[in-house]
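The values are calculated or read from the model by the stated rules, or taken from the named source; none is laboratory data. The shown structure was predicted, so the numbers you read here are calculated from the model rather than taken from an experiment. Cβ placement follows ideal geometry from the backbone for every residue including glycine, while neighbour counts extend to all protein chains displayed. Note: accessible area is taken over every heavy atom of the protein model, side chains too, but ligands, DNA and RNA are not part of it. Shrake-Rupley method; radii C 1.70, N 1.55, O 1.52, S 1.80 Å.
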Amino acid sequence: MDDHSQYIESHQKILDTILSEFTEATGLATILVDTQGTELTAGYGFSPFCQLMRNNEDTRQLCQNCDMFGGRSSLKNNVTTPYICHAGLVDFSYPVTIDNQVIGYILCGQTKIEDKSDFQPIITEKTIWQDDPLFVEAYDNMPSTTPEKIRAGSQLLTIIINYYLSDIMSSHLAIQEPTNIPSQFLKQRHPVKTEEKIPLKHVETISNDTQKITSDRQEIIDALDYINRHLNEVITLDEVSDHVYLSGYYFSKLFKKEVGQNFVDYVNEKKINRSKILLQDSTWSIDSIAHSLGFSQPSYFSKLFKKVTQMSPRDYRQMIQEETRR
């Protein structure tokens, strides 16, 4: 097929299903990009941290460069390749081919890992975001994972692609288990200044985020983790109680006892605090932020935001913009 965009369009629903269900199963973000790192599908499971990076004019190109070089590395070495992106997160990638031509790469991961000794940077540029309260807040709210989970996710996606996606493609995708990037590959690209600081706009620290919850009950720990990973969706008490294998009635009582507030108030507060991160990026419309957090009606989101913060989302954004200009 000469027009690869037609292929993507004709199989959009299948590709979206594969990516979204993989994210749901593993908790790892996914997206399909072309050979230049430009997005071909929606991103699934993107954290506010990555959303901010990709919507920031100073860092978006670096994200795309990492996507491009990560995909090229996996293609060059004929193996899936986990790597460290410019912002310090771990990704891995898969080449997608049609009639022996590479049309793009499936990027997965975008997760923080405490021990990154097994992975190498994919580009030498490094975004220094640690002095920016907005990015620090977003990063702190990201769940962590392990190298083992990265490799398990790799194996799962290998099976999905080779035994499902290949049935609708003209050629079989040969994908292997992740490995480290050979050092010589990193040296082949044109050098850039190491740890060049990418300027990021100063923003207000979000000071009234939901307090850190400590609980000895594994059911509550699992529930809080589930809520944090699904803030972009509608989250119900029955859904979470089923996830932790408790009845809705018992889970509701236990949650209130361990967390100190009822389930609905906790979820709403978490969603509003995440929206406050996104509102500080002017490229996101209020309606888009509402939909990205699982609110079907932006008007309800605005009403809830005002109930929690005592101001409308628009007024909050204006206040932040005025403070950053001082």
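R217 exposes around 80 Å² of accessible area when a 1.4 Å probe is run over every protein chain in place.
Within the full protein context, the accessible area of K149 is estimated at about 90 Å² for a probe radius of 1.4 Å.
Using the 1.4 Å probe convention, the accessible area of the range 104-150 works out to 40 Å² per residue with neighbouring protein chains retained.
Here the gap between E21 and E148, fully extended at 0.36 nm per residue and compared with their Cα-Cα distance, gives a gain of 43.7 nm. Can you give me the distance in nm between label points at K116 and Q61, each placed 7 Å from the Cα along the Cα-to-Cβ direction? Between K116 and Q61, the simple spin-label model gives 2.2 nm. Taking label positions 7 Å along the Cα-Cβ direction at both V264 and R217, the computed distance is 1.9 nm, reported to one decimal.
Along the range 52-57 the Karplus relation, 6.51 cos²θ - 1.76 cosθ + 1.60 evaluated at θ = phi - 60°, assigns HN-Hα couplings of 5, 4, 6, 9, 8, 4 Hz to successive residues, with x for each Gly and Pro. Using the structure shown, select from K126/K257; K257/K303; K112/K257; K256/K303 the pairs with a Cα to Cα distance greater than 32 angstrom. As for pairs spanning more than 32 Å Cα to Cα, those are K126/K257. Any idea what % of Cα-Cα pairs in the range 96-146 are farther than 11 Å? Percent of Cα pairs beyond 11 Å in the range 96-146: 79. For K256, the accessible surface of its heavy atoms amounts to roughly 110 Å² (probe 1.4 Å, protein chains only, rounded to the nearest 10).
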